[in-house]
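Presented below is the structure to which this report refers.
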Amino acid sequence: MDAIVLAGGFATRLWPLTKDKAKPLLPLGKREIVDYLLKEIVREDRVDKVYLSTNKKFQQDFERYIESNGYSNVEVVVEDSLKEGEKPGAIGALHQIVTSKNLKGPLLIVAGDNYVSFSLSDFIDFYSDGDGSCLAAYDLDEDPSQFGVLEVRGERVVDFEEKPKEPLSNLISIAFYILSERGVENLSRYMDEGLNPDSPGYFIEWLVNHEEVRAFKFEGNWFDIGTSKGYIDAYTTVVGENTFVSSEIENSEIKQTYIESSKIKNSTIKESIIVGNSEIKNCKLNRAIIDGKKLVGEKIENKILSNKKQKQKN
């Protein structure tokens, strides 16, 4: 079995924090987001080779990350894109790797910005114990309409719709799959038919009508770190304590916050991310992400503030 980690997005919903940094490489405590997942994949004996798919803009960042962690069986594969409008889409990028590397399956496919609490080994066992392809599924306790929503009968997925206006359940797909050999063949068939190359969910919606797909339902923690809320929720749950890296803290009350290369004085801060040589004085921050800002006497809640420009032009 080979594995592909999808990390080619530009994370525009987290801009400007991710303007110059790939979302999977954002810190989650003293590790990168992607490291929680990649370390487990690398340790799995049943995975032979790992391909990490990214874009030209973040290629060198991922190559440095791979080298510094000694992941000798991980290869960075680069999409020919420097901005959002040039992207081939997640399925398009996946198909490029399958074709260029002549991959036959089975194939583990995961999104690099996912955090899950279940064991990868258990997921592979689940695939091995049945037929066809499989996906990981999570019962979401909020509106599921921005995800791929599925209906199951036993383990089998009997219906799937990507981002439905009227969801048929709260059971969602979390971009964590194993494609069988037939599933990999069907990926090429899907692309040959000129279908939507963007979100993996559109391919899965098509796939459930062409082969058996089973759902690995799990409980515990899952975070889609695509928004400031998702990022902070992941930090407070997974790390759950303060993390200070190369920072100066003076006379401040701080809880469940990540601070890197910044100065904090006379402030109260809760559940926040502060990076980029920020300077915070006499402030109250709650669930804020601050990047490279100098703030004095501010009260900030549920916001991203950065000294970088907000928009990326296509």
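Overview of values
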| item | result |
| --- | --- |
| Filtered residues of the stretch 245-267 (kept if part of a strand (DSSP E or B) and surrounded by fewer than 16 Cβ atoms within 10 Å (Cβ to Cβ)) | Val245, Glu248, Glu250, Glu253, Lys255, Lys265 |
| Unmet requirement for Asp233, which otherwise passes all of (1) in contact with a Ser or Thr (Cβ under 7 Å, 6 or more places away or on another chain); (2) not assigned by TED's automatic domain parsing to the domain that holds Val34; (3) not aliphatic (A, V, I, L, M) | (1) |
| Given (1) farther than 30 Å from Val76 by Cα; (2) in contact (Cβ under 8 Å) with a residue 12 or more places away in the chain, index of the condition Val110 fails | (1) |
| Unique residue being surrounded by 14 or more Cβ atoms within 10 Å (Cβ to Cβ), among the acidic types (Asp, Glu), over 30 Å from Ala22 (Cα atoms) and free of Cβ contacts under 8 Å to residues at least 40 places away in the same chain when the list is Glu151, Glu211, Glu155 | Glu151 |
| Any hit, the stretch 221-231, residues being in contact (Cβ under 8 Å) with a residue 12 or more places away in the chain, outside any helix (DSSP H, G or I), under 17 Å from the mean Cα position of the chain (by Cα) and farther than 23 Å from Gly8 by Cα | yes |
| Residue pairs meeting the criteria (Cβ under 7 Å; at least 6 apart or on separate chains; first surrounded by fewer than 12 Cβ atoms within 10 Å (Cβ to Cβ), in the stretch 289-312; second modelled with pLDDT under 95 and assigned to a loop (DSSP other than H, G, I, E, B)) | Lys309/Pro16; Gln310/Trp15; Gln310/Pro16 |
| Scope the stretch 44-70; condition closer than 20 Å to Leu107 by Cβ and at pLDDT below 95; matching residues | Ser53, Thr54 |
| Matching option when the condition is under 22 Å from Ile232 (Cα atoms) and surrounded by fewer than 21 Cβ atoms within 10 Å (Cβ to Cβ), among Arg31, Arg43 | Arg31 |
| Conditions (1) surrounded by 15 or more Cβ atoms within 10 Å (Cβ to Cβ); (2) on the phi < 0 side of the Ramachandran plot; (3) assigned to a loop (DSSP other than H, G, I, E, B); (4) of a type outside the set (A, V, I, L, M, F, W, C); number of the one not met by Tyr202 | (3) |
| Residue check for Tyr115: aromatic (Phe, Trp, Tyr) and at pLDDT 95 or above | no |
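The values are calculated or read from the model by the stated rules, or taken from the named source; none is laboratory data. All values derive from a computational prediction rather than experimental measurement. Counting neighbours? That spans all protein chains shown, and the Cβs are built from the backbone with ideal geometry, glycine included.
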